[in-house]
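Worksheet: the structure to be examined is printed underneath.
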Amino acid sequence: MKKFIIAASCGLLLAACGPKGSNDTETAGPTACECAEMTNQKDKDLELLNKCVELRKDEAFQKDYTKCVAAMITGKNPDQVNLVSGDEATIKLPNDATYAANSGKVSWTGKKITGAAHNGEVNVQEGSITVTNGQISAAKIVMDMSSISNNDLDEESAAKLLGHLKSADFFNVEEFATATFELVSAEYIDNKMTATGNLTIKGITKPATAKIIYSANGEDGIVITGTMMIDRTEFDIRYDSDKFFDNLGDNVIKDQIMMKFNMKAAAVQEGA
């Protein structure tokens, strides 16, 4: 599964002349991609929506519909989506249960105004995800900020960078050892969700939005991947930000930080 989500617009899907299913005639009704896009619309045409429900009962149409959903998630042209057994498994919804995160990482990317960038990871310390009626109804993820790592520098340079990132200039890890994200609300298209929640970094809590894909992982697990953009200055991380400092020249560090996450969780057994 992709580690992150690029949402495709209806215009892109239709312009790509995506698959239309076995009912592809001028009078047959909506195409597979139109049905996929419709599920993301707030003001739905109920008559058209009911037609989509009926059309999806056809195996060929449902396969094309799945391609269109995958295209919306990955940003590909629907005709470029090659559904194999593994792909089909990625859109299988997990069982209703509460899951405990047993492995996971949050990748980060920070950039300077010149285009130079650094990237690395932070370990997921613990997490709890509840699935109700096939949708994630509650979630809380705790990240171990002391585990922050770098992936693009040599050992000596990485150690210097990480020491700075752990300092009060950035994440002040000695005082704030963890960061958390807790789900508040979400909108869904099949196994794709736009999650709104509270993100806490350095003891400061701000609303944040993430694009997420979740799916079954075997018979009793769940896998979650997604992406989130945050403004670091909202969490008192102001170092070399041109919002607060003048005459920085090429030393300006962009305020936006990209966070990508990938984690697996196992269902909590009753009585455990």
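Summary of computed values
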item: Near pairs, Cβ below 6 angstrom, 6+ apart or cross-chain, from the range 123-148 (not assigned by TED's automatic domain parsing to the domain that holds I189) to any residue that is of a type in the set (V, I, T) and surrounded by 16 or more Cβ atoms within 10 Å (Cβ to Cβ); result: none
item: Some residue of the range 167-180 being in contact (Cβ under 8 Å) with a residue 60 or more places away in the chain and either in a strand (DSSP E or B) or under 14 Å from the mean Cα position of the chain (by Cα) (or both); result: no
item: Of residues in the range 243-272 being farther than 17 Å from T109 by Cβ and in contact (Cβ under 8 Å) with a residue 24 or more places away in the chain, the one surrounded by the most Cβ atoms within 10 Å (Cβ to Cβ); result: A265
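For every residue, the table says whether it meets (1) hydroxyl-bearing (S, T, Y); (2) within 18 Å of N191 (Cβ to Cβ); (3) at pLDDT below 75.
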position: A15; (1), (2), (3): no, no, yes
position: K20; (1), (2), (3): no, no, yes
position: T25; (1), (2), (3): yes, no, yes
position: E47; (1), (2), (3): no, no, no
position: K57; (1), (2), (3): no, no, no
position: Q62; (1), (2), (3): no, yes, no
position: T66; (1), (2), (3): yes, yes, no
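The values are calculated or read from the model by the stated rules, or taken from the named source; none is laboratory data. None of the values given here were measured: they were computed from a predicted structure. So basically every Cβ, Gly included, is an ideal-geometry build from the backbone, and we count neighbours across all protein chains shown.
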